[in-house]
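Have a look at the structure below before the remarks.
The values are calculated or read from the model by the stated rules, or taken from the named source; none is laboratory data. Computed from a predicted model, the values in this text were never measured in an experiment. Cβ placement follows ideal geometry from the backbone for every residue including glycine, while neighbour counts extend to all protein chains displayed. Each accessible area value is taken on the protein alone, full model and side chains, heavy atoms only, with ligands, DNA and RNA left out. Shrake-Rupley method; radii C 1.70, N 1.55, O 1.52, S 1.80 Å.
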Amino acid sequence: QQRILAAQLRSVRADGVAVLAADCAPLESLALTCPGQVVWVHADEQHPLLQSQRQANGRLAFVRDGHVVCAQGTEETAVPLPHSMGDWALNEWLAVAAAGWAMQWPLAAL
């Protein structure tokens, strides 16, 4: 499985984005092989990896007060969580919102 993840990360284009779960420890070292940008996601903004990313002016996304907050350094963009997420889990919605933000989609599309 780690070889598959490594191959997927290496296949991200230089102008592309990989959205990675901060609670998956093997991804931390594999992310270094990604030619594109990386956005780390976790529901808890106090997660240590998100905190270190924020200090390094990296991209991250988390949940605060019913919103997905996408951040780079001190700059934040908040997207409200939908009232009903259907069959989507919170971490899935978080990843989709982070990907859309990273690709500069209009917030209304999210």
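When the residues of region 7-58 are filtered to those that are touching a residue at least 40 places away in the same chain (Cβ under 8 Å), of a type in the set (A, V, I, L, M) and in contact with a Gly (Cβ under 9 Å, 6 or more places away or on another chain), which remaining residue is least open to solvent (accessible area, probe 1.4 Å)?
By that ranking, first place goes to Val39.
Residues checked against (1) in contact (Cβ under 8 Å) with a residue 40 or more places away in the chain; (2) under 15 Å from Ala18 (Cβ atoms); (3) open to solvent by less than 40 Å² (accessible area, probe 1.4 Å):
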| position | (1), (2), (3) |
| --- | --- |
| Val69 | no, no, yes |
| Thr74 | no, no, no |
| Val79 | no, no, yes |
| His83 | no, no, no |
| Trp88 | no, no, no |
| Trp93 | no, no, yes |
| Ala99 | yes, yes, yes |
| Met103 | yes, yes, no |
| Leu107 | no, no, no |
